[in-house]
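Structure record follows, encoded as structure tokens.
The values are calculated or read from the model by the stated rules, or taken from the named source; none is laboratory data. None of these values were measured; they are calculated from a predicted model. Cβ: placed from backbone, ideal geometry, glycine included. Neighbour counts: every protein chain shown.
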Amino acid sequence: MASLSSALSIAAQALNADTGALQITDNNISNANTPGYTRKLPVFEEVQPTPDGNLDYGSGAVLEGYQSVRDELLQSRIGQETQAQGSANAQLATLQQIQPTFTSSTQDIGTEISALFSSISALSTDPTNSSSREAVLSAGQNLATAFNTVSNTLTSQQTALNTQITQDVNQINNLSQQIAVLNPQIAGLEASGQDTGTLQDQQDQLVLDLSALTNVSVTQTPLGITVTTGTGTPLVVGAQNYALETVPGSSGDLQVLDQNGSNVTASITGGDLGGTLQTQEQTIPGLLNSLDTLANQLGTAFNNAQAAGFDENGAAGKNFFNVPTTVAGSAASISVALTNPAGIAASSDGTSGSDGNLATFAAIQNDPLPLGQTPEDAYASVVYQVGSLADNAQAESTATAASLQQLNDQLSSVSGVSIDEESTNLITYQTAYEAAARVVTTIQALFQTTMLMGTAAAE
Amino acid sequence: MRVADLVPDAEYSIQQSEQTLAAALKQVSTGLRVNQPSDDPAAAANYVTSLAASANVDQYTKNITALTSQLQTADSALGSVVTSLNTAISLGYQGGTGTASTSDRQAIANQVQGVLNNVVAQANTSYQGAYVFGGSDTSTAPVVEAATAYTTAATVQPPLTATQPLTPGSITTVTDATTGKTFIFTVTPGETISDLSAAVANAAANGTLSAGTTATLNANNQLVFTSGSSQGIVVASNDPVLGAITAVSGSQVANSYAYVGNGNVNNVQVGDSLQVSGNLPGDQIFTSGTNVIGALTGLINALQTGTSTQIQNATAAVSSALAGVSQQRVPLDNTISQLNSQESYLGQESVTLSTNQNSLVDADLAVAATNLAQAETQNSAVLAAAARVLPQTLLDYLPPA
């Protein structure tokens, strides 16, 4: 049978439920700017109706709890894009520092190569002119210095990246530890059937931070998430986290080891660490190798040209450049071997006035070196190489930023807090609360009426 | 789509718009479209090769300037030789008339002697310390008075012996004024003074040197080169074992000259595929071929001892030498005018290259300025839109509670 008291208890339930919903809304509004926060929706449920003869009276509604509005697929795509962006940005940062050394325009290698050939051409008009000879030697010296400078810049950049690697690995270990701590907490809440939204938000944010540092892959298990990097190197399994380590490799570059001491450097391809390792292990060595090859072959070509002629005193030409026997390190260590300008083997017939052998030197400028290009074309290729690496990193960074923006829009569309929406909800729950309160007042009045039935006051 | 928050989108748009604005501003303020290789890797690479080509063109232009002066020096020396030969010819005509007395002829011979000295001086013209008619051997005067005997110094230590090893790689030359040829002895390891003597005898036997030319050690341990011909020889060596080799005092042969330069030319690059020779070997002009010195010596001898006919013949020989010199000047003049036209070509080339460089890396200012204006407009629009939209919430419209 319907009763005033049951109506009152329905109203009281409604007041409770609406207070809860207001609190959830309030929490959403408070966390509108919390990174990684997922908006929560109050879950109202109709209470089982009370049967009364042929009638079923509704028993009102209760607040069952709240539900976090999540999209795990979007989360994981954001993770992937964040890895790609971290890698691109790390590469771009170094390449932008390297770039200017290749085209400083006054002292770069390209300018010094053409200055050396110009000085040789100038010497051909007057092979006995000692200042022209001196000019060739100093142009050679400048070229060697340009090679040394660029090579040293690259090497010191390469070494400086070690600091970045150490920091990245420390952060990865730190984040892994925090993720591992959350795993049993989330599992515990899930076991008791509670919403794990808040802790999951924290964990998702930590995984995202981790994605900015390295390539991670996340799998759900009953014990919480398992996080791996590289090709399956575990970082977090259940409540356990596994720390990465860095050790100096043979070349002085830091190598990354997993918890078993196996070298996993090559498998780390994403995030800041991936990009930094890519720059340190691939990009810079590639550029150094191009420079070393050019320095070695150009130096050797000059030495061969020297050997084909005679110096100012009629003696067979000696080496112009000191070139190491191995290609590696040639750009760093190339230097001018000749100390006396008279040692330039300009002569083809042994007389001091002959410039016949200078044609052999001039030919180096136009003939392909063993690497398949003329020295200037080879250097232009290196410039192209540097430029396009930086350009690609830039393009990758821009593209991932745009893509991340899209994905974040989508995620925000699903999980983000809209102040306007929450304000509307606030009005809805406020109105509902007011209505429930009015019900209480009304029932109270009805009780009064009932109490006064048959008394004087009723008349 | 549900939109939760406009701030991230607005931030992103502002960022994008400001990047575009910064790029446009950089282009306008630097005037460059390519500030670093990553702005346009292909253009940056082409710029490197184009700069190298420009450096070559600049150097070719400088080479032309240097060569032109050098060749003009040679040309004006030959011009002076032509004037001298004309003088010698008119002197020859005076001396060749039947009315000229012996003493007149002697006086004329003396004047021709002066002409010869002038021609020898022209043959030894140098430009900035380099002899222009010596072939690639620019460091020694190419035309040298010959002597019948040359000797090493008496003070050479240790005293020379037949078995004395010479310095490997050193070169000793004997130039014969009669044959006009030069015998060159390059020492190979183990060769001694007796090998040198044998080689000289061999050269005298095969005709490089006049028959009877020898190089022998005398009682004072001096190596003495003796000419087999009355015209004499010129000897030079850079071997420190032999030391300085000088003409024996009094053995110089008057009016007999040998060419000690070589026949090699120095080629200088003045274009990517254009080389010109920067000097002129003088042997074909002065001592053989046209043989200006020979013709003048002949005229002097004819004036001193010859008949009118002989003087007339000698004068005719000087005339043909004059024609020869004029002919030799033609390629020289051609080279000079070739250099002039190459210089103006290089001037154009330099302009073409710098235009090319500009188009590779320079910003088109009209385009850059337009881009900047567009970027500015877009940036203001983005900022204005953000300013209008972001502060708006439903709360603005709700009555105060």
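Return yes or no: is residue A:146 more than 18 Å from residue A:305 (Cα to Cα), in a helix (DSSP H, G or I), within 14 Å of chain B (Cβ to nearest Cβ) and of a type outside the set (S, T, N, Q)?
Against the criterion (more than 18 Å from residue A:305 (Cα to Cα), in a helix (DSSP H, G or I), within 14 Å of chain B (Cβ to nearest Cβ) and of a type outside the set (S, T, N, Q)), residue A:146 qualifies.
Only one of these conditions is not met by residue A:60: (1) at negative phi; (2) in contact (Cβ under 8 Å) with a residue 40 or more places away in the chain. Which number is it?
For residue A:60, the failing item is (1).
Might you check whether a residue that is among the hydrophobic types (A, V, I, L, M, F, W, C) and either surrounded by fewer than 20 Cβ atoms within 10 Å (Cβ to Cβ) or more than 35 Å from the chain's Cα centre (by Cα) (or both) occurs anywhere in segment A:388-395? Full working, then the answer.
The initial filter retains those residues of segment A:388-395 that are among the hydrophobic types (A, V, I, L, M, F, W, C), namely A:389-390, A:393, A:395.
The next check asks that each one be either surrounded by fewer than 20 Cβ atoms within 10 Å (Cβ to Cβ) or more than 35 Å from the chain's Cα centre (by Cα) (or both); those that pass are A:395.
Within segment A:388-395, one or more residues are among the hydrophobic types (A, V, I, L, M, F, W, C) and either surrounded by fewer than 20 Cβ atoms within 10 Å (Cβ to Cβ) or more than 35 Å from the chain's Cα centre (by Cα) (or both).
Here are some conditions: (1) within 14 Å of chain A (Cβ to nearest Cβ); (2) surrounded by 15 or more Cβ atoms within 10 Å (Cβ to Cβ); (3) closer than 18 Å to residue A:314 by Cα. Residue B:132 meets all but one. Which one does it not meet?
All conditions are met except number (3).
A quick yes/no check of all residues on (1) surrounded by fewer than 19 Cβ atoms within 10 Å (Cβ to Cβ); (2) within 23 Å of the chain's Cα centre (by Cα):
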| site | (1), (2) |
| --- | --- |
| A:161 | no, yes |
| A:179 | no, yes |
| A:195 | yes, no |
| A:248 | yes, yes |
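So, of the residues in segment B:6-37 that are outside any helix (DSSP H, G or I) and not basic (Lys, Arg), which turns out to be modelled with the lowest pLDDT?
Ranking the candidates gives B:6 first.
Which of (1) in a helix (DSSP H, G or I); (2) in contact (Cβ under 8 Å) with a residue 40 or more places away in the chain; (3) more than 22 Å from residue A:380 (Cβ to Cβ) is the odd one out, the single condition residue A:355 does not satisfy?
Of (1) in a helix (DSSP H, G or I); (2) in contact (Cβ under 8 Å) with a residue 40 or more places away in the chain; (3) more than 22 Å from residue A:380 (Cβ to Cβ), only one is false for residue A:355: (1).
Please find, among A:317, A:299, the residue that is in contact with a strand residue (DSSP E or B) (Cβ under 8 Å, 6 or more places away or on another chain), crowded, with 16+ Cβ neighbours inside 10 Å, within 14 Å of chain B (Cβ to nearest Cβ) and in contact (Cβ under 8 Å) with a residue 12 or more places away in the chain. So that I can check it myself, show each step before the final result.
Numbers: A:299 fails: within 14 Å of chain B (Cβ to nearest Cβ).
Result of the check over A:317, A:299: A:317.
Please indicate, with yes or no, whether at least one residue in segment B:336-343 is without any contact (Cβ under 8 Å) to a residue 60 or more places away in the chain, among the polar types (S, T, N, Q), within 30 Å of residue B:53 (Cα to Cα) and assigned to a helix (DSSP H, G or I).
Within segment B:336-343 (the criterion being without any contact (Cβ under 8 Å) to a residue 60 or more places away in the chain, among the polar types (S, T, N, Q), within 30 Å of residue B:53 (Cα to Cα) and assigned to a helix (DSSP H, G or I)), the answer is yes, since at least one residue qualifies.
Which count do you get for residues in segment B:142-168 that are among the polar types (S, T, N, Q) and within 12 Å of another protein chain (Cβ to nearest Cβ)? Talk me through it step by step, then tell me what you get.
At the first step, the residues of segment B:142-168 found to be among the polar types (S, T, N, Q) are B:148, B:151-152, B:155, B:157, B:161, B:163-164, B:167.
Subset that is within 12 Å of another protein chain (Cβ to nearest Cβ): B:167.
The qualifying residues number 1.
Name the pairs whose Cβ atoms lie under 7 Å apart, with the first residue in segment B:350-368 and assigned to a helix (DSSP H, G or I), the second aromatic (Phe, Trp, Tyr) and buried (at least 16 other Cβ atoms within 10 Å of the Cβ), and 6 or more positions between them or separate chains?
Listed by first residue and then by second, the contacts come to B:357/B:47; B:360/B:47; B:361/B:47.
Every residue in segment B:370-401 that is touching a residue at least 12 places away in the same chain (Cβ under 8 Å), outside any loop (DSSP other than H, G, I, E, B) and surrounded by 13 or more Cβ atoms within 10 Å (Cβ to Cβ), please.
B:371, B:372, B:374, B:375, B:376, B:378, B:379, B:382, B:383, B:385, B:386
Can you name every residue in segment A:116-130 that is under 19 Å from residue A:367 (Cβ atoms), at the interface with another protein chain (Cβ under 7 Å from one of its Cβ atoms) and free of Cβ contacts under 8 Å to residues at least 60 places away in the same chain?
The one that is under 19 Å from residue A:367 (Cβ atoms), at the interface with another protein chain (Cβ under 7 Å from one of its Cβ atoms) and free of Cβ contacts under 8 Å to residues at least 60 places away in the same chain: A:118.
Given (1) in contact with a Gly (Cβ under 7 Å, 6 or more places away or on another chain); (2) without any contact (Cβ under 8 Å) to a residue 60 or more places away in the chain; (3) more than 14 Å from chain A (Cβ to nearest Cβ), identify the lone condition not met by residue B:139.
(3)
Determine, yes or no, whether residue A:38 is of a type in the set (S, T, N, Q), modelled with pLDDT under 85 and surrounded by 15 or more Cβ atoms within 10 Å (Cβ to Cβ).
The answer is no for residue A:38.
Which residues, counting only those in segment A:68-88, are over 30 Å from residue A:389 (Cβ atoms) and touching a helix residue (DSSP H, G or I) at 6+ places or on another chain (Cβ under 8 Å)?
If the condition is that a residue be over 30 Å from residue A:389 (Cβ atoms) and touching a helix residue (DSSP H, G or I) at 6+ places or on another chain (Cβ under 8 Å), then A:68, A:69, A:70, A:71, A:74, A:75 are the ones that fit.
Every residue, every condition in (1) touching a strand residue (DSSP E or B) at 6+ places or on another chain (Cβ under 8 Å); (2) basic (Lys, Arg); (3) in contact (Cβ under 8 Å) with a residue 40 or more places away in the chain, yes or no:
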site	(1), (2), (3)
A:29	no, no, yes
A:37	no, no, yes
A:41	yes, no, no
A:68	yes, no, yes
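So, in segment A:337-348, of the ones that are buried (at least 18 other Cβ atoms within 10 Å of the Cβ) and in a loop (DSSP other than H, G, I, E, B), which residue ends up nearest to the other protein chains (Cβ to nearest Cβ)?
Top of the filtered list is A:348.
Sort out which residues of segment A:398-436 are part of a helix (DSSP H, G or I), within 11 Å of chain B (Cβ to nearest Cβ) and hydroxyl-bearing (Ser, Thr, Tyr), and write them in order of number.
Matches in segment A:398-436: A:398, A:412, A:413, A:415, A:423, A:424.
Mind checking whether some residue in segment B:38-61 is in a loop (DSSP other than H, G, I, E, B) and facing chain A (nearest Cβ under 8 Å)? Steps first, answer last, please.
Taking segment B:38-61 as the starting set, the residues that turn out to be in a loop (DSSP other than H, G, I, E, B) are B:40.
Next cut, facing chain A (nearest Cβ under 8 Å) only: B:40.
Within segment B:38-61 (the criterion being in a loop (DSSP other than H, G, I, E, B) and facing chain A (nearest Cβ under 8 Å)), the answer is yes, since at least one residue qualifies.
What tally of residues in segment A:355-373 results from selecting those that are at negative phi and either modelled with pLDDT under 90 or not hydrophobic (A, V, I, L, M, F, W, C) (or both)? So that I can check it myself, show each step before the final result.
Filtering segment A:355-373 for residues at negative phi gives A:355-371, A:373.
Restricting the remaining residues to those that are either modelled with pLDDT under 90 or not hydrophobic (A, V, I, L, M, F, W, C) (or both) gives A:355-357, A:360, A:365-368, A:370, A:373.
Selection size over segment A:355-373: 10.
For residues in segment A:363-380 being crowded, with 18+ Cβ neighbours inside 10 Å and not charged (D, E, K, R), which is nearest to the other protein chains (Cβ to nearest Cβ)?
A:380
Being among the charged types (D, E, K, R), surrounded by 19 or more Cβ atoms within 10 Å (Cβ to Cβ), in contact with a helix residue (DSSP H, G or I) (Cβ under 7 Å, 6 or more places away or on another chain) and over 30 Å from residue A:173 (Cβ atoms): is that true of residue A:292 here?
So residue A:292 passes the test.
Right, residue A:152: part of a helix (DSSP H, G or I) and within 30 Å of residue B:276 (Cβ to Cβ) or not?
no
From A:313, A:303, which residue is closer than 30 Å to residue A:337 by Cβ, more than 23 Å from the chain's Cα centre (by Cα) and modelled with pLDDT under 90?
Going through A:313, A:303 in turn, the sole match is A:313.
Name the residue that is nearest to the other protein chains (Cβ to nearest Cβ), counting only residues in segment A:381-397 that are touching a residue at least 24 places away in the same chain (Cβ under 8 Å) and closer than 30 Å to residue A:73 by Cα.
Among those residues, the one meeting the criterion is A:394.
Between B:290, B:297, which is more than 30 Å from the chain's Cα centre (by Cα), within 25 Å of residue B:182 (Cα to Cα) and buried (at least 20 other Cβ atoms within 10 Å of the Cβ)? Break it down stepwise before answering.
Working: B:290 fails: more than 30 Å from the chain's Cα centre (by Cα).
Testing whether each residue is more than 30 Å from the chain's Cα centre (by Cα), within 25 Å of residue B:182 (Cα to Cα) and buried (at least 20 other Cβ atoms within 10 Å of the Cβ) leaves just B:297.
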